[in-house]
1. What is the number of the single condition among (1) at pLDDT 95 or above; (2) under 14 Å from V62 (Cβ atoms) that S98 does not meet?
2. Going by the structure shown, is A87 crowded, with 16+ Cβ neighbours inside 10 Å, small (G, A, S) and within 18 Å of Y139 (Cα to Cα)?
3. From the set of residues in the stretch 100-116 that are in contact with a Phe, Trp or Tyr (Cβ under 7 Å, 6 or more places away or on another chain) and closer than 16 Å to A74 by Cβ, which is surrounded by the fewest Cβ atoms within 10 Å (Cβ to Cβ)?
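The values are calculated or read from the model by the stated rules, or taken from the named source; none is laboratory data. All values derive from a computational prediction rather than experimental measurement. All Cβ positions, glycine included, derive from the backbone under ideal geometry; neighbour counts span all protein chains shown.
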Amino acid sequence: MLRSTTLGAFTALVMTIGGAGSVATATSSTGAGAPDQGPTSWGSIKAPDQVLRQGCRDYRFVYRITTPNDEWQAEVFVTDPRGRAIASVLVDAGSNPSQAVTTFRTCRVSTTHGRFKLRMRVSYNVGYEKHVGFVKPAYFRLTRPR
């Protein structure tokens, strides 16, 4: 039986992300749903390959937000190899740095080993106008213990 997962726990391990890979692009839209002119670079996300352990554990990932101002919010979604959402993490400018190493939490009984997908939805405000978009997804593996 599959159990529902818990929301990601935050860690405050601030680390400079030098060479974090290519900056991802996002398509954006205003609050009314009209697309902005062209893609905008809003950040990046990645995670190292890790071992899927027994029980409920925290797994690391790195994010970087590059919006034009400091009024941003990002939601990170973790999808398992079967396409099921297993975790989500919310970071915002009010309580998190624009780049950091943080974690999501999942339990072994609710997922399987394999290739996982990280997606990050970024939104920021300019006055009363809200801009929303996704950065390029990242992939990582959770493998069986040896």
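1. The single condition S98 does not satisfy is (1).
2. Details: crowded, with 16+ Cβ neighbours inside 10 Å: yes; small (G, A, S): yes; within 18 Å of Y139 (Cα to Cα): yes.
It is true that A87 is crowded, with 16+ Cβ neighbours inside 10 Å, small (G, A, S) and within 18 Å of Y139 (Cα to Cα).
3. Among them, the one singled out is T103.
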